[in-house]
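Notes follow once the structure below has been shown.
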Amino acid sequence: MVVLAASICTKSGKPVISRQFREMPRSRIESLLTSFPKLIPANSQHTSVETADVRYVYQPLEDLYILLITNKASNILQDISTLHLFARVTSDLCRSADEKEIFKNAFELLGAFDEIVSLGYRENVNLMQVRNVLEMESHEEKIQEIIARNKEAEAKEELKRRAKQLEMQRRDQARRQGSGTGNIGGASGYSSIPRYESPIETTRSASPAPAPKAPAFKGSGMKLGKKTKQSDLMDALGTELNTPGQSVSATPARAASPVAKYTPDVPQESVHVSIREQLSVSLDQSGGLKSLSLKGELNLLISDSAHTKVRLTIPESAREAQEEYGNELQFKYHPNLLKGPLAEKGNLDEELRQKDANRSWPVGQPLGVLRWKLASKDESFVPLSINCWPTPTGDGNIEVNIEYELESERLTLHNLVITIPLPGGFPAVSSHSGSYSVDPQSNSLIWTIQKVSSTENKSGSLEFSIEGDDTSAFFPVKVDFAAEGSLVGVDVEGATAVDGSPVETFSCEVVCTTDDYLIV
């Protein structure tokens, strides 16, 4: 098989575009194309005609012809198969088969022609491979960009936390000085600690101590995502936070994962409540629930000795939410807490307080005062439903449609990442919500949605096609997210002092994260 040229011409023989694969003058190809319409017999059902020198293999394309000019010794069956691939590529790149659209996409069409035939011989490619070559995207570069963005987000969150901590120290020092506790250190006390005002990046040369970082990299090559949070912070602030008494850990942090960590933007006050939940869910391929388990813990941190005997108030909405889960949701209280009638039955009480009224909460040390767990097979408890539908098309490809929908209005998901295994090759994504990338190391498609709530991106879908015939190769699908809020509605609305007055310096953060969230 030798293809001399591939052309698209009008029915009068005027060439629109043409690619020659063997050496021939322009006048020769124009002469062949001009004589081509005259050779087509009237009312003929054939797709090829011959002259003394060449053979034309052609196919109508609306008001145009797409044709191959080959030598007479060429295999006619292979020529027809090649012509069909040329026609599919043209239809894929052009919305309509008219001269204007062909001219508009001439560069892409000629590039595609070169991928199909090289020096007159057919390359072993299909439509999907030609499409991937024309996209000319570096997916390794996209992965590195995602890792860089995740590291940058972590550094910014750490900067905010440190800035708030410094601000709290400054306010505490000012409060102590105002209450007559003494002016120890004068202007060299806490008031001299610099405040972080704006994320202006200092030059690397401004850091006075680069040497202590060396042990963290000793004995290992270049590794992405191995920088510690503390070193990211120091690099960003330069010498601004490099005060005496601070040290940088030489132990590298874990490699950055596809899921960026989420930290609630809640200033930590002198009475701080931290609520953490870990969720494990296993769904089958049809969307049915196989298992669901949730573990939660409420921690109390007192940083001011004036508030060591506070009581925590549980809102009515939290106790009402417990009724949805019945006996499947159980609470366990710290032995030193006073248990009311509700607590004795394993339910959520109206307030959390010490059993001994003279007993104080520890200062500067977080204390777990309440724990709870949920184990159920009730599908109505699933916070995020996932449906994955791989469908064979019959031509060696599989079309995959995957959808998500937020079922729990109590949660606001951040950094939702859905990881779909791939059987091999590269997927052609036709539509998607959020963003996506391909991880060549794990051979998986990573679908990311930054924020999902009842009012924003509550549902979404992603559609792609890929070569293969095994629908089970797309499982298990893995889901990761960090959510703001409690799945079972646990919350603390405030703290009260011994005399019943509300504590003004109170803060509460509630986060629910995934441990294992799989569709198998």
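Could you give the length gained on full extension between Lys451 and Asn75, defined as 0.36 nm per residue of separation minus the Cα-Cα distance, in nm?
129.7 nm
With every protein chain kept in the model, how would you rank Arg22, Arg175 by accessible area, 1.4 Å probe, largest at the top?
These residues rank, largest area first, as Arg175, Arg22.
Determine the principal axes of the Cα atoms in the range 114-166, then give the extent along each, sorted from largest to smallest and rounded to whole angstroms.
71, 16, 11
If one computes P(r) from the Cα atoms of the range 1-134, what percent of pairs lie at distances over 22 Å?
30
Rank-order 484-493, 359-368, 266-275, 325-334 by packing density, defined as the average count of other C-beta atoms within 10 Å over each peptide's residues, highest first.
Descending packing order for the listed peptides: 484-493, 266-275, 325-334, 359-368.
If you wrap a convex hull around the alpha carbons of the range 436-505, what volume per residue comes out, as a whole number of Å³?
189
Just want the answer: with Cβ charges of +1 for Lys and Arg and -1 for Asp and Glu, which residue in Ser442, Thr496, Gly485 is farthest toward the dipole's positive end in the range 392-503?
Selected residue: Thr496.
Per residue, how much accessible area does the range 394-439 show when a 1.4 Å probe rolls over the protein heavy atoms, in square angstrom?
Accessible area per residue: 39 Å².
Quantify how much of the Cα-Cα distance distribution of the range 274-317 extends past 12 Å, in percent.
Result for the distance tail: 75 percent.
Leaving out ligands, DNA and RNA, what percent of the accessible area of the range 90-155 is carbon and sulfur, probe 1.4 Å?
Within the range 90-155, the accessible surface is 53 percent carbon and sulfur.
When only DSSP loop residues count, what GluC sites (Glu not before Pro) in the range 8-52 have their Cβ near at most 10 other Cβ atoms within 10 Å?
Here the sparse-neighbourhood loop sites are Glu23.
Taking a 1.4 Å probe, which of Phe506, Phe381 shows the most accessible area, and what order do the others take after it?
Sorted by accessible area, descending: Phe506, Phe381.
First compute the accessible area of the range 363-516 with a 1.4 Å probe, then give the percent of it belonging to carbon and sulfur atoms.
Carbon and sulfur together cover 43 percent of it.
Do the alpha carbons of any pairs in Lys14/Lys100; Lys156/Lys295; Lys290/Lys478 sit beyond 19 Å of each other, and which pairs?
Lys156/Lys295
Sorted by average packing, counted as other Cβ atoms within 10 angstrom per residue and highest first, what order do 409-416, 153-160 take?
The most tightly packed comes first, giving 409-416, 153-160.
The values are calculated or read from the model by the stated rules, or taken from the named source; none is laboratory data. Because the structure is predicted, anything quoted here is derived from the model rather than measured. For neighbour counting, all protein chains shown are included, and Cβ atoms are generated from backbone atoms with ideal geometry for every residue, glycine included. These accessible areas exclude ligands, DNA and RNA; they are computed on the full protein's heavy atoms, side chains included. Shrake-Rupley method; radii C 1.70, N 1.55, O 1.52, S 1.80 Å.
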